[in-house]
Amino acid sequence: MPEFQGYGLNVQNLGLTDEVLAHAELAKDPLYRKIPKDRLAYYVDRSLQRGREAAQTCRGMSIRELYRRDGLRHEITDRSGTFHHLSLRAQIDFAKTPPEVVVYAASLRGMADAYRAIMSPGEQAQRLNHTADAKPEPGNALQPSGLSPDPLSEHASAPQDEELERLVDIHLAHEYFHYLEYRAGQFTNDMLEPVEVFRLGRRLVKRSSIVQCSEIAAHAFCKEMMGLLFLPNVLDYAFLIQNGSLSEEAFCREVESWKSGHAAAL
């Protein structure tokens, strides 16, 4: 694994604004190339706005308080989650009543160093300011054997350090936003204008929503809710750099392409 110390300082200077990292998420959508260039900022800005607005309604409460308030079950497990051979970090099951969230701690452990390098510099002061009004939660501190059991959590497994506990809460917050969308009966992508994906003549036109808009909104919600320095999708790239799957040079090139794409839409 390549040395990562000091990268956290570098990333502070890359200009990774919410808009740039949201553009990175938008670029993952299968329909990204169908979006008119002058509409890219529309999808980024509206998605970020919805996530931020949802977070404002939750100020003063921790994510685990919100789960208890809404009667949501969550499980923090050491087993690995997979879907079509892809590794999952968290998922929400809307088929259950109420919906249930599973966080796969085993998939998060490798991201602890990335979290420490990216989010830790300067984060403590921001977290103190952001959570000044939050109520203390009994039983939420790390114990030698892990987290104290949550009365609404089944088979809770134990994070081993503070970074892992924060990563678990980040993923709980992400899935909680999707629960808010589900409860409202409208996901973020369905609220925004669909894009034209197919046309045959004048009458046959197929349009579809941009699904990644829901993910952008969830990232924005999570950043505001947790008092993070960046949208949390930056951790995916930090992890890839750490494990050697992505070079810092390639990442910097990606950042410049996201910036260019966003700037072109303004």
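Among residues of the range 214-234 that are buried (at least 24 other Cβ atoms within 10 Å of the Cβ), those with a Cβ under 6 angstrom from a residue that is at pLDDT 95 or above and aromatic (Phe, Trp, Tyr), sequence gap 6+ or separate chain, pair up as Ala218/Phe177; Phe221/Phe177. Exactly one residue among Ala112, Ala95 is at pLDDT 85 or above, open to solvent by less than 20 Å² (accessible area, probe 1.4 Å) and of a type outside the set (Lys, Arg), and that residue is Ala112.
Yes/no per residue for (1) under 21 Å from the mean Cα position of the chain (by Cα); (2) of a type outside the set (Gly, Ala, Ser); (3) not in a helix (DSSP H, G or I):
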{"position": "His171", "(1), (2), (3)": "yes, yes, no"}
{"position": "Glu196", "(1), (2), (3)": "no, yes, yes"}
{"position": "Leu246", "(1), (2), (3)": "yes, yes, yes"}
{"position": "Ala263", "(1), (2), (3)": "no, no, no"}
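Within the range 173-188, the residues that satisfy the criterion of being in a helix (DSSP H, G or I) and not hydroxyl-bearing (Ser, Thr, Tyr) are Ala173, His174, Glu175, Phe177, His178, Leu180, Glu181, Arg183, Ala184.
Among Asp133, Asp150, which is the only one that is at pLDDT below 85, in contact with a Phe, Trp or Tyr (Cβ under 9 Å, 6 or more places away or on another chain) and in a loop (DSSP other than H, G, I, E, B)? Before the answer, list the steps.
Values: Asp133 fails: in contact with a Phe, Trp or Tyr (Cβ under 9 Å, 6 or more places away or on another chain).
Asp150 is the lone residue from the list that is at pLDDT below 85, in contact with a Phe, Trp or Tyr (Cβ under 9 Å, 6 or more places away or on another chain) and in a loop (DSSP other than H, G, I, E, B).
The values are calculated or read from the model by the stated rules, or taken from the named source; none is laboratory data. Since the model is a prediction, treat every value here as computed from it, not as a measurement. For neighbour counting, all protein chains shown are included, and Cβ atoms are generated from backbone atoms with ideal geometry for every residue, glycine included. Note: areas computed on protein heavy atoms with side chains; ligands, DNA, RNA excluded. Shrake-Rupley method; radii C 1.70, N 1.55, O 1.52, S 1.80 Å.
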